[in-house]
Amino acid sequence: MSFSSYRGTVGLIRPTMRPGVFEDLVRMTPEGICFIPLFNDVRRGDVDEFKSAPALYRAKAEEVARQDIDLIFLSGAPPWMLLGPKGEQKLMRDWSRDLGVPVVTSAVNQLEAFKALKVKRIYGVTYFPGKINKLFADYFDAAGYEILAMDGTEGVDFTKVQEISSHVIYARIKKGVKKHPKAEAIYMLGPAWRTLDIIEPLEQDLGIPVIHATPAQCWYIQKLLGVRQPKQGYGRLLAEMP
């Protein structure tokens, strides 16, 4: 059986079964764009698990490609960042050819958001601990961006990051940007922490845009489907639709 919607149908493959994130995306997406969501079950959020994730995504992509869809979106940036920009782009070209439908990743989405906002120097913050944050920074460095910092989060289990208060994250980001006054944008890796409510306060208080995974995803899906419906409340990228 095939399913479709008049403005576009997206096969969305998410990395985890964590509730809330997909619902956030649906709430901000324009009417007439619909999703066929499938879910992987990433639990540890470490390098070894991310390296094995593309095979899981491929199986789900083959499943959803059998439907009448316009786009396959591989949500969750870390597995693709570990490939580096060139490796990731080659893989997506191969998958798009094999599956007969465009395939994109969250990592490419975020590069496109930087480009659209015309920013080069980025202050990044993530909910991952330790050395993996350097791998994320290396991905953006290889794509031509200057990562002033990619500050991780210690002492919080991957399955519990949604419990961190957004107000705590706001204060942390504000402090980090003050240490890096040349930052032209704030990058928040991953949508699992519940931080949509602090995007606009950060932009207003610090005067630079925030790239958050979920609004960036909504913006990029619209761009790829030829839709342009700005939405207030989630930062400049979605409000201005550059």
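Read-outs: derived from the displayed coordinates by stated rules, not from any lab. A quick note: this is a predicted structure, and the numbers were derived from the prediction, not measured. So basically every Cβ, Gly included, is an ideal-geometry build from the backbone, and we count neighbours across all protein chains shown.
Within segment 190-219, the set of residues being at positive phi and over 11 Å from the mean Cα position of the chain (by Cα) comprises Gly207 only.
Mind checking which residues of segment 60-84 are crowded, with 23+ Cβ neighbours inside 10 Å, in contact with a Phe, Trp or Tyr (Cβ under 8 Å, 6 or more places away or on another chain) and not hydrophobic (A, V, I, L, M, F, W, C)? Of everything in segment 60-84, those that are crowded, with 23+ Cβ neighbours inside 10 Å, in contact with a Phe, Trp or Tyr (Cβ under 8 Å, 6 or more places away or on another chain) and not hydrophobic (A, V, I, L, M, F, W, C) turn out to be Pro78, Pro79.
Conditions (1) over 13 Å from Asp46 (Cβ atoms); (2) of a type in the set (A, V, I, L, M), marked per residue:
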residue	(1), (2)
Val125	yes, yes
Leu135	no, yes
Gly155	yes, no
Thr159	no, no
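Pairing residues of segment 227-242 that are touching a residue at least 60 places away in the same chain (Cβ under 8 Å) and among the small types (Gly, Ala, Ser) with residues that are part of a loop (DSSP other than H, G, I, E, B) and loosely packed, with under 15 Cβ neighbours inside 10 Å, at Cβ distances under 7 Å and at least 6 apart in sequence or on separate chains, gives no pairs at all.
The residues listed here are Gly87, Gly32, Gly100; of these, the one that is surrounded by fewer than 17 Cβ atoms within 10 Å (Cβ to Cβ), of a type outside the set (Asp, Glu) and under 21 Å from Pro230 (Cα atoms) is Gly32. Residues in segment 1-29 that are surrounded by 14 or more Cβ atoms within 10 Å (Cβ to Cβ), of a type in the set (S, T, N, Q) and more than 17 Å from Lys231 (Cβ to Cβ): 3 in all. Take the conditions (1) surrounded by fewer than 17 Cβ atoms within 10 Å (Cβ to Cβ); (2) in contact (Cβ under 8 Å) with a residue 40 or more places away in the chain; (3) farther than 14 Å from Gly124 by Cβ; Gly155 misses just one of them, which is (2). Restricting segment 223-241 to residues that are more than 22 Å from Thr195 (Cα to Cα) and among the charged types (D, E, K, R), the residue that is surrounded by the most Cβ atoms within 10 Å (Cβ to Cβ) is Lys223.
Here is a check on your reading of the model: is Asp24 closer than 25 Å to Glu154 by Cα and not hydrophobic (A, V, I, L, M, F, W, C)? So Asp24 fails the test.
Name the single residue, out of those in segment 159-189 being touching a residue at least 60 places away in the same chain (Cβ under 8 Å) and crowded, with 19+ Cβ neighbours inside 10 Å, that is nearest to the chain's Cα centre (by Cα). Step by step, filter segment 159-189, then rank; the result is Leu189.
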